[in-house]
Amino acid sequence: MTNDDIREVVLDILADIAPDEDLSQLQDDVAFRDQLELDSMDFLDIVMELRKRYRVQIPEEDYPQLASMASTTSYLEPLMRDLEKVES
Amino acid sequence: MITQYSNSHIPGERPPLMQRIVITGIGVTAPNGNDLQAYRASLLDGRSGVAPYEIRYFGKTLAGVCDFDARKYQSRKDIRRGTRAGSVGVYAASEAVADSGLVWEKINPARVGIYVGVTEHGNVETENEIYEIKRYNYDTAFWSHHHNPRTVANNPAGEIALNMGIIGPHYTIGAACAAGNAGLIQGAQMLMLGECDVALAGGVSESIHTFGIFASFKSQGALAEHDEPARASRPFDLQRNGIVVAEGGGIFVLERYEDAAARGAKIYGEIVGYAMNTDATDFVLPNPDRQAQCVQLALRHARLNPEDIDIVSTHATGTTTGDAQECQALRQIFGNSAKTYFNNTKSFIGHSMGAAGALELAGNLPAFTDGVCHATINVDELDPDCALPGLVTNQPRELGDVRYILNNSFGMLGINSVVIIKKTSGQV
């Protein structure tokens, strides 16, 4: 998967867990929490969905890496670059 | 030999209610109506809410299914995060408050209490999670972090509190199928104790979303089957063959009479008596003597005689034994009352479990104004064991002035509950 693919995966997950949000204007360099109504349970949903969809294991100490789209994709890139994107 | 008990209170000698508690708002979602007017119209028009239904593992069956719009009061995210029972509760509670005419912004949220009866809670969510982790070879690393907040026993009441910003007490009352009445009784008691000024009380059910409840009733030989769904729930009929499981919710706004009168609220009725007792005889089978005692306790609590009751809303679920036993209990009390009529709401909507007591009462309360006792439908051949003289079958009956309604609700492990509502001045 490319960085763009990973971004799409994260966007898909966000669309599921925050269905009331408009994600079309999401700014990659701004923290999710500063532009979306996400709480700690939602971040755990992101972790769980990555585990379910791609078997990616994210240790708790790395959760801060999921702060923004930019930091999330750059954190996930080495973990997901060899994986095939699954169509959701 | 008469046992002398050290706690010498004689059943029935309870003091009368300390305060007058009235119903000032009603919110419902039933399989045949998503507000009181639509629900009442269905009951008077003979419209069933039972439909074909399919659930994982169990397969095709029948159920009372609600089609209320959860988005009316919840975001998509809250619906996803919460439970069906929570959505049912939020919908019914919000509708009840809207109906009550309370100016919600002016109500101190710390003085509102939420008391929601449930037959069970957590089965649906647990089954869902087990189904989900089956896809991952039962690896519990895939078990949702939402499981605990969804399955804590207070969940349906807590979701109402979260949604409506209520910061007074909230909890559920686990009372099997007596839970709707139990929620109402709890709400009334908390108002009497001064624990709140407004009580949101009643019951909810999400039970059609757990395959276990269908499978268990089936194994027990107590799950209704019929080629025509609308004819499957048939209490008191000779061909009855079990329960139709239903979902739904009924939440009442309760207030002290003085508060309701001071704000000029419309009043649906006054809770003038209630009782709960226990069979202590069987896990499943009812005990008609204890049921009769419960009715008697409620009548004495209300300082009423059987012939004062105009309508008895029966609990009967459509099982061979249970229906006949309730009739046996009712004969003991109302055998000489020529002016008491009996109906059964489950014949329309199935058994809505934790919501049953509340929904069945709600469906009857409009009789105070329209003077009509809705029927028990699907009685093609009345079981002689269930032939109560005042049983209203198949067609509604005009009674004229209805002053008292008595609502039965019984459940497994021998839990019995009875509530009596009186028509009041200021009646809507």
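The values are calculated or read from the model by the stated rules, or taken from the named source; none is laboratory data. Values in this document were obtained by computation on a predicted structure and should not be read as measured data. No Cβ is skipped: glycine too gets one built from the backbone with ideal geometry, and neighbour counts run over all protein chains shown.
Here are a few things to note about the model shown:
- Residues of segment A:3-28 that are among the charged types (D, E, K, R) and either part of a strand (DSSP E or B) or without any contact (Cβ under 8 Å) to a residue 40 or more places away in the chain (or both): A:ASP4, A:ASP16, A:ASP20, A:GLU21, A:ASP22.
- Those residues of segment A:24-62 which are loosely packed, with under 15 Cβ neighbours inside 10 Å, within 14 Å of chain B (Cβ to nearest Cβ) and under 23 Å from B:ARG81 (Cα atoms), in sequence order: A:GLU37, A:ASP39, A:SER40, A:MET41, A:ARG55, A:GLN57, A:GLU60
- The helices (runs of 4 or more DSSP H) found entirely in segment B:81-199 that carry 2 or more residues being free of Cβ contacts under 8 Å to residues at least 24 places away in the same chain are B:123-134, B:147-151.
- The residues of segment B:258-273 that are assigned to a helix (DSSP H, G or I) and touching a Gly at 6+ places or on another chain (Cβ under 9 Å), listed by number, are B:ALA260, B:ALA261.
- Scanning segment B:274-304 for residues that are out of contact with any Phe, Trp or Tyr (no Cβ under 7 Å at 6 or more places or on another chain), among the aliphatic types (A, V, I, L, M) and either surrounded by fewer than 21 Cβ atoms within 10 Å (Cβ to Cβ) or assigned to a loop (DSSP other than H, G, I, E, B) (or both) yields B:MET276, B:ALA280, B:VAL284, B:LEU285, B:ALA292, B:ALA302.
- Matching residues in segment A:1-23 - criterion: being within 14 Å of another protein chain (Cβ to nearest Cβ) and closer than 20 Å to A:TYR54 by Cβ: A:ILE13, A:LEU14, A:ALA15, A:ASP16, A:ILE17, A:ALA18, A:LEU23
- Restricting segment B:84-106 to residues that are surrounded by fewer than 17 Cβ atoms within 10 Å (Cβ to Cβ) and either outside the structural domain of B:GLU255 (by TED's automatic domain parsing) or over 21 Å from the mean Cα position of the chain (by Cα) (or both) leaves a set whose member that is farthest from B:VAL28 (Cα to Cα) is B:LYS106.
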